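Please treat every number below as a calculation from the coordinates, not as lab data. All of these numbers come straight from a predicted model, not from anything done at the bench. For neighbour counting, all protein chains shown are included, and Cβ atoms are generated from backbone atoms with ideal geometry for every residue, glycine included.
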Amino acid sequence: MQTTEIEQELRSFLTENFLFGRDEALNDDMPLLGNVIDSQGVIELIQFVQERFSIAVDDEEVTADNFASLKSVIGFIETKLRSKG
């Protein structure tokens with residue numbers, strides 16, 4: 001799966017579920033927590049990532065580094081997909 005496909009999927013999910021269709025409010029480096037999603041939103045995002053990309057997110061992987069911004073979530077997903085083979 002290409003980076004652009006992952007980004008499109010994430011953007012769509014975040015825009016539809018948290019930004020009420022305002023895609024312009026979401027840039028790659030903007031902090032997600034507090035700006036776009038709350039703690040419940042983190043859970044929803046993790047569920048989406050696991051289901052959509054068929055990867056498991058372990059508890060210790062739910063960190064600010066992995067879920068801080070759109071860019072960091074994309075990087076996390078790419079890493080998980082590569083390690084999955």
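Summary of values
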quantity: Criterion violated by Val42 - all others in (1) surrounded by 15 or more Cβ atoms within 10 Å (Cβ to Cβ); (2) under 11 Å from the mean Cα position of the chain (by Cα) satisfied; calculated: (1)
quantity: Positions within segment 58-85 being β-branched (Val, Ile, Thr) and either over 18 Å from Leu32 (Cα atoms) or in contact with a strand residue (DSSP E or B) (Cβ under 9 Å, 6 or more places away or on another chain) (or both), in sequence order; calculated: Thr79
quantity: Residue within segment 4-21 that is surrounded by 11 or more Cβ atoms within 10 Å (Cβ to Cβ), in contact (Cβ under 8 Å) with a residue 60 or more places away in the chain, among the charged types (D, E, K, R) and within 22 Å of Lys80 (Cβ to Cβ) present; calculated: yes
quantity: Cβ pairs under 9 Å, 6+ apart, first in segment 57-73 and basic (Lys, Arg), second surrounded by 16 or more Cβ atoms within 10 Å (Cβ to Cβ); calculated: Lys71/Glu7
